[in-house]
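The values are calculated or read from the model by the stated rules, or taken from the named source; none is laboratory data. Just so we're clear, the structure is a prediction, and the values are computed from it rather than from any experiment. Because the Cβ atoms are built from the backbone with ideal geometry, glycine has one as well, and the counts that use them run over all protein chains shown.
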Amino acid sequence: MTGRCCPFQQHVMELNFMEQMEHINNQFGYALSSRRTFEDGGKIVTFGDGWKPVMEDIIGSRSEPLTSTCFQLFESLWRCLDHNLNTVRRYLAIIKVFLNDIDGAAEDVNQRQKVWVEQLRMVAREGHSIVDAYPDKDGLFFFLRRIIFAKNIDRLLKEIINISKRKEIYGIANIHIRERQSVLEGDNLGLKLVAQPDSCSHRHITEFEKEFQLIKGEKQLMNALFDDLQEIGYEKLDERYKIWVDQMKEIVPELDLVIKECACELKHVTLLNNILGFKARIHIMDKIKKIRKKIEDAGRGRKACSLVQRQSQAESLCRKTQPLLIAKESRMVGFDEDVEILMAQLLSDEKHRCICSIVGTKGTGKTELASFIYRSEAVLSHFDCVIWVTPSSTVEPLKNQIAKKAAEIIMGGEHDMWTTQVVLTTLATKKYLIVVDGFQTAHALDNLREAIPDRLTASRFLLTTNNAMEALRACSKSFFVHPLRLLDDKNSWILLTRELNVKMNLEPKLHENEIEEIGKKIMAKCGGLPLEIQKKSKLLFHKDVTAEEWAKVLEQPNEDQNTWSETFDTVNNLPSYLRRCLFYFELFPADFEIPVRRLVALWVAEGFVPLGEDQEWPPELVAERYLIELIDLNMVQIAKRKRNGKVKTCRFPNGLRQIFKSTESRIPQVGGTSTDLEAVPKNFRIRRVADHLEVKDIWHKHIHGKRFTYASDCDSLRTYYQSVSSFLSFDTRLASKSGHDIRNFLQHCILNNCLLQLRVLVLEGVYKPNLPKDIAKLSRLRYLGLRWTYLELLSPYINSLLQLQTLDLKHTYIQTLPRSIWKMKLRHLSLSESNRITFPPKPIGIDIGRSLHDLQTLWGVFVDEETPVKGGLDKLVNITKLGITCHSQVSAVADWIAKLQYLQSLRLRSRDKQGRPSKIHLKFLQHHTNLTDLYLFGCLNTPLNQLFLPSTLVVLTLSHSKLEDDPMQILKDAPNLRSLSLFADSYLGQRIVCESDSFSQLRVLRVWKLEQLEEWKIEEKALPSLRQLEIRLCPRMKVLPDGLNHVNSLLELKLTNMPMEIHAEKYNIPPNCEVHRDDSPLL
């Protein structure tokens, strides 16, 4: 076998190297973001995407592995040298920029940061000395010198990777870099920014000496860690960090011992000692590697986390903000939170002039929002001068507009007496707000800022623009970009029907229900654009409220397609990772509501998001950030939100889909669109299949047509489906044929060596698609979606699908899980709660410490006497979403939950053998600082006020808790609580009181089946943010809550099966509140 590796090995090596380089990108990303451009060989690289441009240039630098034989080693080193050398030079240049930026920050860093930076500086010095020793081409020993040089370069790359890993292992936060006052321009960019570090001649050292240096570096960082710990205080750490610190302390004796052994070996270095002590040195090097592995293993458990930092002003560390899917309530009927966010920026105490930009596509309501703020009393009273202008094609007319209006306000209106510049200079001394409606270019804004200098008067610019890229180009420390999103379904419906005689929330009659369905289609067709919705509303206003008239409006095309054309034109400007994610929406049917949990898992399974232990953030959070970016760019519409404000479902806007559909060049590559089979080239390879039951789709004949019986049919399968990576079916017919069609298609494809590249198999909603036994050959499968399939048995052949990341069995009749579940690489496992599915015992020989280590979602599991909780489930400590029903082992489950420091959502139910609510055992929750959603079903063994609920809680649901103390008094100061549900028997008292200034953030309050409740008092200024109130089945409550009329924010009151004595009159309800009553008999 030659020195070259097979294509598969080469691909694996490239992927491994890419992961290493991406790791470096994560660690030095802050250094990169502090510089706008970097000059390299005449090419300017923008750092908006981190090192991605650099990565694309150097990915081939290790396209082949360094193989075991001497000849293969030399050949690989020789061949990779030039590319690796360029790579090293790039890294050293960026490290120099980083080191230059942190000069003078010594007072702002902790001990770990100081030690790490010094180690980085040493690597840079050594790197420059190695690079400077590039061998001359002359001389007899050029070949040997080049091989030695290539080996040193290869070792240097490993050192850079190693130093970046240390930053994560020891919880070293990014160093805050002060902004430079000097202006960098022209030749000052790039490498000339930084003085050369102190150079030294390179001295070749042995591998043993290098290992000794590395282990001494570990010792330095460990000592620095303990120094920081002494300042922080061990007692202030939570349990997870204490475990990590204890593990590091246990390593110290081994570390000290091996350092002494190394020093002893190196004390007397002679040729004879080197020969005689060879075995001993090999043994010591093995010890060093084992110690370093222990350190890495200890650090791996707390990846993406950092120690509690000192809060002194001297230490200001830069922390990344975790991307969250919290969606703002952007509504044409109120703009509530948009106004709140922008007002906070405009009316802040910041003395420097700030620039706020409202960004959104045409028709999203930017001008209306800006106008509302411009005319508000708070703004008019806060600023000395408030000016509204519209930009011209050049800057001068814009300055003249501002000067003319400013003269009218601050100079008595005689603008002609002063020049424009004099007026603008005078304006600069005032506290002003200038609204520019229709801002176009960053260049115009720069000119305007120069014409009106910042005099530290707390003045503001408010801009509206549909050009997000220009807004981002103008970004600076004092620039705030506020994306105005498309309306969700709820607010779209309010806008569509507020002038019409249609009320969605009332129990509809038959013809009203039909109207509602047509209305929803009209609403979806508008894609969440307020301007388009208003146009449709005006058309409906002049029509009778009948299904026929509304259907005519539905058939009419949208008047203005230019809006979506302009949005489509910006697609090519998106980074590649966002384009991939955006094109993925084409797989789903038109107007289809895509669950975010499903979309995020699909993107991860498809490989759109980097996956590996070295990634700072879990891939799901990165995928959520991608989705938020697309939502902010108005390329994706939020359909529904959860009660905690997070996005539940989203969709591809209809108008944008139509433009994508008309672009024929892309259709066959994505799938799910009507494509004529005859028009596709014979050698075409389909990458993704989305079955929409469309006859014209390429695959419709193969899936739902005749059975495969001829050799030509098999050739056809191999022609199209050998390279398919995703298969999604949207065949939701409640008939056995749908399941049979899918099974037959999968079976014939796999038998003909097709679909073997499959990573995603989504059969959600397909009726009983019994999987063929050949499913075991899909060894690359990452996502298997069987939700709502009504399957009764899970195919035993999935035992071989060990690469599965997502297994979705929710809403099926499956009752058992295979024991191979412990061997899979699952990240998300969803089960049906009603089926009482228990976890199987762990197979013998499975390393429980690594088994299911990355599991984040475990939903619907049932715990009985046989469930392996201790020593099994309680080792799964990275779970973020847990839904569990306990029949026994409640204490063991409570101990397990206490370990879940990353937990975000918990649904805990406790039932006895008859299915009745039983006692819940739960320990203190104050350390669960990521917990936002909590659902408890059962009698609490600990009083609610002693559970110490975390301040991060957003949604709380209690059922059968049997509380004796008023929960409104216990929860009144919860700072982030947005939704509170008190269900059956959650409270046994007769009276509840909402005190003044309580529940500042509560939006939704539901009180159901509190059979003892008689009186409810709401004091003034209580519940200031409440929007929805629902009271159901409280038979002793004869009147509405006393003081309800003070809750002016209330928009909806629902009374379900309440006593007839309750009357909702105008005098006892808030002015903008709609009342909905339902007295229909219970089923």
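At a glance:
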quantity: Subset of the range 968-1013 (residues that are farther than 15 Å from Tyr935 by Cβ and aromatic (Phe, Trp, Tyr)); calculated: Tyr987, Phe999
quantity: Scan of the range 784-822 for residues that are on the phi > 0 side of the Ramachandran plot and either modelled with pLDDT under 90 or surrounded by fewer than 19 Cβ atoms within 10 Å (Cβ to Cβ) (or both), ordered by number; calculated: Trp788, Tyr790
quantity: Considering residues of the range 866-884 that are over 26 Å from the mean Cα position of the chain (by Cα) and of a type in the set (Gly, Ala, Ser) only, the residue farthest from Ser820 (Cα to Cα); calculated: Gly871
quantity: Count - residues of the range 349-372 that are more than 19 Å from Leu531 (Cβ to Cβ) and of a type outside the set (Asp, Glu); calculated: 7
quantity: Single match in Pro1070, Pro1035 (criterion: within 30 Å of Thr942 (Cβ to Cβ) and either out of contact with any strand residue (DSSP E or B) (no Cβ under 7 Å at 6 or more places or on another chain) or acidic (Asp, Glu) (or both)); calculated: Pro1035
quantity: Yes/no for Leu380 being among the aliphatic types (A, V, I, L, M), buried (at least 20 other Cβ atoms within 10 Å of the Cβ) and within 28 Å of Asn466 (Cα to Cα); calculated: no
quantity: Boolean, Tyr790 is assigned to a loop (DSSP other than H, G, I, E, B) and of a type in the set (Ser, Thr, Tyr); calculated: yes
quantity: Strands (runs of 3 or more DSSP E) within the range 941-1051 that include 1 or more residues among the hydrophobic types (A, V, I, L, M, F, W, C) and more than 29 Å from Lys490 (Cα to Cα); calculated: 991-994, 1015-1018
quantity: Strands (runs of 3 or more DSSP E) contained in the range 362-469 and holding at least 2 residues free of Cβ contacts under 8 Å to residues at least 60 places away in the same chain; calculated: 385-389, 432-437
quantity: Candidate set: the range 645-678, residues that are hydroxyl-bearing (Ser, Thr, Tyr) and at pLDDT 50 or above; chosen: the one surrounded by the most Cβ atoms within 10 Å (Cβ to Cβ); calculated: Thr649
quantity: Qualifying residue in the range 638-650 (condition: under 11 Å from the mean Cα position of the chain (by Cα) and part of a loop (DSSP other than H, G, I, E, B)); calculated: no
quantity: Selection from the range 906-926 of residues that are under 18 Å from Lys875 (Cα atoms) and within 24 Å of the chain's Cα centre (by Cα); calculated: Leu906
quantity: Which listed residue is at pLDDT 70 or above and loosely packed, with under 15 Cβ neighbours inside 10 Å, from Leu140, Leu157, Leu144; calculated: Leu144
quantity: Residue check for Gln1001: surrounded by fewer than 19 Cβ atoms within 10 Å (Cβ to Cβ), out of contact with any Ser or Thr (no Cβ under 8 Å at 6 or more places or on another chain) and not assigned by TED's automatic domain parsing to the domain that holds Lys642; calculated: no
quantity: Where Leu587 falls short, out of the listed (1) in contact with a Gly (Cβ under 8 Å, 6 or more places away or on another chain); (2) surrounded by fewer than 18 Cβ atoms within 10 Å (Cβ to Cβ); calculated: (2)
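Matching residues to (1) surrounded by fewer than 18 Cβ atoms within 10 Å (Cβ to Cβ); (2) at pLDDT below 90:
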position	(1), (2)
Ala458	no, no
Ser476	yes, yes
Arg498	yes, yes
Lys503	yes, yes
Glu507	yes, yes
Ala524	no, yes
Gly527	no, yes
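One line per residue, one yes/no per condition, for (1) part of a helix (DSSP H, G or I); (2) at pLDDT 85 or above; (3) in contact with a Phe, Trp or Tyr (Cβ under 7 Å, 6 or more places away or on another chain):
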| residue | (1), (2), (3) |
| --- | --- |
| Trp564 | yes, no, no |
| Arg580 | yes, yes, yes |
| Pro589 | no, yes, yes |
| Glu624 | yes, yes, no |
